[in-house]
């Protein structure tokens, strides 16, 4: 990958899209992870307003500190970045109190956290005429569908969704993203035990990238002797892809036959 050229391309793409949409800039949720760090930095490079939102919900101090450190880093380098911290824990607690206990299973509440953040991003974005910039990479958005529908998947544009996780890391290094974020274990920050993405999926992003490329090139499989681990990773990848196809495919529309209208 021609990293510097990719950075310039994405910066121009973001700036042109925003200008053509007649909007003032971008709202980005900053989590302390590499994806949101790269996305917010690319947005800042456009020179347009960037509202960087830190939105903790029962968050670990380490994650909050990394998000804050990145936003501080951004502000030192770009005078178009606005720092916003919204503690959503009280709001989430209100939701916990309002919902029946029997539906508050761990997955439902993890997704509710993500959707509360989406709601907050759009409140700020709508008020300030900003575009909500998505932070999903290619493996998450088009490989295994590892995102919350209408949560972190609810965005206006997706600048890094054609970059594999390894490519996002390469872009992050070239942009000078702080080491603590570059070396942080990927996590969605939606679980009380702060479990990593790999713990949830059962495979690393490097393994999932391999599986995604393997399935995308069936003509190159003939002479492959897969290891037991590779077979297991392929099974994991395909299982997530099947289960999450509803997130990655367009919403189905029931098209009524002309003779019925």
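Packing order of peptides 199-209, 24-34, highest average first: 24-34, 199-209 (average count of other Cβ atoms within 10 Å over each peptide's residues).
Convex hull volume of the Cα atoms of the chain, normalised per residue: 189 Å³.
From the Cα gyration tensor of segment 1-98, with a ≥ b ≥ c the square roots of its eigenvalues, which class applies: rounded if a/c is under 1.5, or else prolate if a/b is larger than b/c, or else oblate? Cα axes put segment 1-98 in the prolate bin. Between segment 160-224 and segment 61-85, what is the C-alpha centre distance in whole Å? Between the Cα centres of segment 160-224 and segment 61-85 lies a distance of 23 Å. Semi-axes of the equivalent ellipsoid of segment 43-150 are 27, 17, 14 Å, computed as sqrt(5λ) over the eigenvalues of the C-alpha gyration tensor in descending order. Protection proxy ranking of 70-80, 93-103, by the mean of other Cβ atoms within 10 Å over each peptide's residues and highest first, is 70-80, 93-103.
If a spin label sat at a point 7 angstrom from the Cα of residue 166 along the line to its beta carbon, the backbone N atoms of segment 191-212 nearer than 17 Å would be those of 203-212. Computed on segment 3-193, with alpha-carbon pairs under 8 angstrom and 6+ residues apart, the relative contact order is 27 percent. Considering all different alpha carbon pairs of segment 200-248, the Kirkwood hydrodynamic radius works out to 11.4 Å. Of all DSSP-defined beta bridges confined to the chain, some 0% are antiparallel rather than parallel. When shorter helices are ignored and each DSSP H run of at least 4 residues is given -39500 (n - 2.57), the per-residue value for the chain at 222 nm works out to -16000 deg cm²/dmol.
The gain in end-to-end length when the residue 199 to residue 183 segment is fully stretched comes to 4.1 nm, 0.36 nm per residue minus the alpha carbon separation.
Rule-based calculations on the coordinates, nothing more; no lab input. Small disclaimer: the values here were computed from a predicted structure and weren't measured. Counting neighbours? That spans all protein chains shown, and the Cβs are built from the backbone with ideal geometry, glycine included.
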